[in-house]
Amino acid sequence: MNRRTTLPRLLPAPDGGSRARLAYGADYNPEQWPREVWQEDVRLMRRAGVNLVSLGIFSWARVQPDDGVWDFAWLDELMDLLHAHGIAVDLATATASPPPWLTTAHPEILPVTAEGATVWPGARQHWRPTSPVFREYALRLVSAMAKQYAGHPALVAWHVNNELGCHNVYDYSDDAARAFRLWLRDRYQSLDRLNHAWGTAFWSQRYSDWDQILPPRLAASHPNPTQQLDFKRFSSDALKDYLCAERDILRRLTPETPVTSNFMVMGGTKGMNYADWAREVDFVSNDHYVHPGPQDRDELSFSANLVSGIAGGRPWYVMEHSTSAVNWQPVNVAKRPGDLARDSLLHVAHGADGICFFQWRQSAAGAEKYHSAMVPHAGEDSAVFRGVTELGATLVELAPVAGSVREPAAVAVLFDWESWWAGEQDSHPTSRLDYRQEALDWYSALLALGIRADVITTDADLAPYRLLVAPVLHVVPGELAARLTRYAEGGGHLVTTYFSGVVDENDHVWLGGYPGALRELLGVRVEEFGPLLDGDAVAVDGDALSLDGDLTGTLWADRVDVVDPAVEVLAEYRSGEHAGRPVVTRRRAGSGTAAYVGTRLGAEGLAGLLPRLLDAAEVRSELPAAARGRVELTVRRTEDHRYLFLVNRTDEAVTVTGLVGDVLIGAHEDVLTGTREDVPQSHLTLPPRGVAVLREPAP
Ligand code: GAL
């Protein structure tokens with residue numbers, strides 16, 4: 001976990017108030033606009049309630065127009081202008097996009113693909129994190145920025161680079177090869193240990209000199225899997241190391257100013273192990289974009305929840321999301337009425353203390369001119385800007401939640417970058433495995449049942465959780481197996497699935513049968529993996545689960561042998577090769593249990609199975625029955641108060657009647673409407689996509 005969380009100190013509210021506030025704002029790219037527009041910008045920012053902007057993200061070419069030539073005058077003017085209008089600055093170090101003069105003079109900073117192609121300038125982020133030349137120039141810029149703005153009253157946070165690894169996470173250049181070798185020396189100390197870890201006895205790959213080692217460049221067949229896994233670890237570390245290099249300069253020159261770097265916990269962005277990166281920043285910030293689809297808001301909730309997990313439950317910032325459409329999906333649909341506010345408040349519900357967008361003013365030119373912004377092409381007389389202004393007012397009302405932390409749920413979904421990386425590698429039983437989707441499906445099923453769950457990573461304290469779901473936990477080092485065993489034996493209820501426990505940290509198979517490291521704990525044994533062909537499915541006996549119909553398993557169907565008398569079979573296959581054999585099992589382990597699910601049931605199927613697992617863990621929904629699945633509940637707390645966020649997941653009004661947790665719904669104070677009925681009402685109606693925030697005294 002990160003050592004502490006220091007949030008930006010926001011400037012006093014325009015009304016002079018000095019209470020804690022939520023941050024509200026955007027990436028601000030004024031270099032795209034003439035000076036007159038800057039005045040208009042600050043006027044509209046005030047109108048919208050903006051109190052924070054991220055400035056300078058793509059300003060390198062403007063701040064340093066040539067080698068040794070600096071131009072801060074325009075940025076000084078903007079810093080002063082923003083400050084004069086009560087708007088704080090999260091100042092970027094401006095290193096994200098190296099200018100043409102630099103790449104022309106030093107093409108050796110450009111990344112190289114696995115195929116050996118150069119990634120040329122023309123877009124952005126065309127730099128190698130391991131390039132000493134890039135570092136020299138970029139870190140000089142960081143120093144210059146820090147010296148220029150140290151002590152400036154508008155400066156409240158540093159924004160290192162931008163979305164590190166968005167476009168350049170995997171670089172196969174000679175610089176990368178050199179840095180990879182150093183990283184490997186540090187990890188393995190000796191070539192013997194590396195040869196063992198990489199299993200180089202296979203295919204005659206034994207190394208006799210460190211210099212023989214390369215990144216996994218284009219090869220005749222599948223590159224060595226442990227080499228691939230280590231290259232993923234290394235690539236994440238190389239970017240993290242670069243983040244730390246910028247951070248160290250900033251901490252030295254401006255020790256009072258917290259440092260962040262916007263992460264990308266969303267969708268399929270998997271190259272950066274953010275659980276590990278989170279320890280290096282003063283506060284976590286994240287960018288999130290919705291990918292429209294059936295689970296889109298579940299995915300938003302899952303991502304926000306995971307960000308909260310890596311932030312140790314402490315507050316974090318949304319540094320970018322969108323007011324409406326993006327420009328980089330195959331079809332870029334506009335957000336529907338209510339989405340702008342609900343998406344933002346769902347992040348707040350999961351611990352965000354800052355809500356920012358890409359970007360303030362929609363560009364008239366460039367690759368992102370069709371990406372929405374706070375001020376759209378249509379101008380201030382637009383639904384988007386009205387929505388932005390309303391949200392600004394809502395966030396002012398929500399000021400009391402600033403600084404509150406997440407209250408742990410009774411259930412957690414365990415998310416593990418190592419299992420994501422290793423589980424989806426090539427030359428596996430199936431290429432169809434989607435690790436994040438499996439985790440999301442469990443999460444969606446919990447949402448559908450109205451169960452509040454945290455998303456956590458393997459370094460989290462497991463003790464608060466009565467039920468721990470660890471889907472496709474593929475990489476299980478001995479120490480993790482021991483922790484999970486202690487968790488279950490100490491009274492926890494662990495659930496895991498097919499393709500879990502299979503390998504150790506070197507991607508070596510735990511021998512003796514699957515699920516390897518977890519075999520004893522689960523009391524089952526699988527001799528051969530059961531991947532299914534596309535379109536194939538197996539029926540899972542619904543009667544045993546007290547369901548009306550059978551469940552459907554796809555992707556995978558393990559032949560499961562029960563090898564321990566303490567195992568209870570919860571469900572059997574009803575069809576397929578293994579008809580009549582167990583597919584869901586649960587073993588008593590100490591005072592807890594360990595359950596195994598041998599097929600992929602999808603979100604709907606899991607919602608059918610989960611009640612059996614929740615019952616054993618004595619976990620019940622905190623929501624009244626009619627609201628389950630239609631409303632998401634999260635809880636943030638301060639020393640004095642609990643804040644209950646009720647988020648309408650549907651497009652219709654939902655009435656919540658009766659108790660939420662232990663308290664009658666109307667007995668709470670509604671933070672947004674400010675009402676508190678003398679005679680408590682027993683219901684509350686959430687408009688379509690609406691959100692309520694209720695406050696109650698902390699017990
Ligand atoms: C982010 C990036 C922004 C902008 C945005 C568009 O990845 O940090 O600069 O490109 O996406 O959605």
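Under the combined filter of DSSP loop state and at most 10 neighbouring Cβ atoms within 10 Å, the range 46-144 retains these GluC sites (Glu not before Pro): GLU115. Thinking of the range 625-697 as a set of Cα atoms, what percent of all their pairs are more than 20 Å apart? When all Cα pairs of the range 625-697 are counted, 21 percent exceed 20 Å. Normalised by the number of residues in the chain, the mean separation of alpha-carbon contacts (under 8 Å, six or more apart) gives a relative contact order of 11 percent.
Other residues with beta-carbon under 14 Å from the beta-carbon of TRP158 carry, at +1 per Lys or Arg and -1 per Asp or Glu, a net charge of -1.
In the range 173-275, inverting the average of 1/r over every pair of distinct C-alpha atoms gives 15.7 Å as the Kirkwood radius. Seen from GLY512, the other residues with C-beta closer than 15 Å to its C-beta sum to a net charge of -4, counting Lys and Arg as +1 and Asp and Glu as -1. The alpha-carbon of LYS240 sits under 18 angstrom from the alpha-carbons of these lysines, leaving out residues fewer than 8 places away in its chain: LYS232, LYS270. Normalising the average separation of contacting C-alpha pairs (under 8 angstrom, six or more residues apart) by the number of residues puts the relative contact order of the range 411-616 at 21 percent.
Each peptide in 538-550, 267-279 gets a packing score, the mean of other Cβ atoms within 10 Å over its residues, and the list from highest to lowest is 267-279, 538-550. Relative to the Cα centre, the charge distribution of the range 411-616, modelled as +1 at Lys and Arg Cβ and -1 at Asp and Glu Cβ, gives a dipole magnitude of about 580 debye.
Close amide H pairs (under 5 Å, H built 1.01 Å from N) link VAL375 with ARG361, GLN362, residues at least 5 positions away or on another chain. Taking the protein heavy atoms of the chain in the context of the full set of protein chains, the accessible area attributed to carbon and sulfur is 51 percent at 1.4 Å.
Per residue, the chain reaches -9000 deg cm²/dmol at 222 nm when only DSSP H runs of four or more residues are counted, each adding -39500 (n - 2.57). Taking one quarter of the surface of the convex hull spanned by the alpha-carbon atoms of the range 526-601 gives a direction-averaged projected area of 5.2 nm². Taking all protein chains together and a 1.4 Å probe, the residues TYR514, TYR573 rank TYR514, TYR573 from largest to smallest accessible area. Please work out the Cα center distance from the range 593-642 to the range 535-571, rounded to the nearest Å. Measuring centre to centre over Cα atoms gives 20 Å.
Computed from the Cα positions only, the extents of the range 445-525 along the three principal axes stand at 39, 24, 23 Å, in decreasing order. Annotation: peptides 236-244, 120-128, ranked by per-residue average of other Cβ atoms within 10 Å with the highest first, follow the order 236-244, 120-128. Peptides 640-647, 477-484 ordered by packing proxy, namely the average of other Cβ atoms within 10 Å per residue, highest first: 640-647, 477-484. Accessible surface comparison of HIS106, HIS377, probe 1.4 Å, protein chains only, largest first: the order is HIS377, HIS106.
Size of the range 411-616 from its Cα atoms: along the principal axes, largest to smallest, the extents are 38, 38, 32 Å.
The orientation-averaged shadow of the Cα convex hull for the range 381-532, equal to a quarter of the hull surface, comes to 13.0 nm². Look at where the Cα atoms of the range 69-133 and of the range 221-287 average out, and the two centres are 18 Å apart. In percent, rounded to a whole number, the relative contact order of the range 625-697 is 36, using alpha-carbon pairs under 8 Å and six or more apart.
In this view, the solvent-accessible surface of PHE58, computed with a 1.4 Å probe and all protein chains in place, comes to about 70 Å². Sorted largest first by accessible area at a 1.4 angstrom probe radius, with every protein chain in place, the residues ASP416, ASP381 fall in the order ASP381, ASP416.
Surface analysis of the range 1-155 yields an accessible area of 40 Å² per residue, using protein heavy atoms and a 1.4 Å probe. Semi-axes of the equivalent ellipsoid of the range 13-133 are 35, 16, 12 Å, computed as sqrt(5λ) over the eigenvalues of the C-alpha gyration tensor in descending order.
Annotation: the antiparallel percentage among DSSP beta bridges lying fully within the chain is about 50.
When the alpha carbon coordinates of the chain are projected onto the principal axes, the ranges are 80, 75, 42 Å, largest first. Using a probe of 1.4 Å on the protein chains alone, the accessible area found for LEU141 is around 0 Å². Estimated at the nearest 10 Å², the accessible area of TRP510 is 80 Å² with a 1.4 Å probe.
The values are calculated or read from the model by the stated rules, or taken from the named source; none is laboratory data. Keep in mind that what you see is a predicted model, and the values were worked out from it rather than measured. Methodologically, a virtual Cβ is constructed for each residue, glycine included, from the backbone with ideal geometry; neighbour enumeration extends over all protein chains shown. With ligands, DNA and RNA removed, areas are computed over all heavy atoms of the protein, side chains included. Shrake-Rupley method; radii C 1.70, N 1.55, O 1.52, S 1.80 Å.
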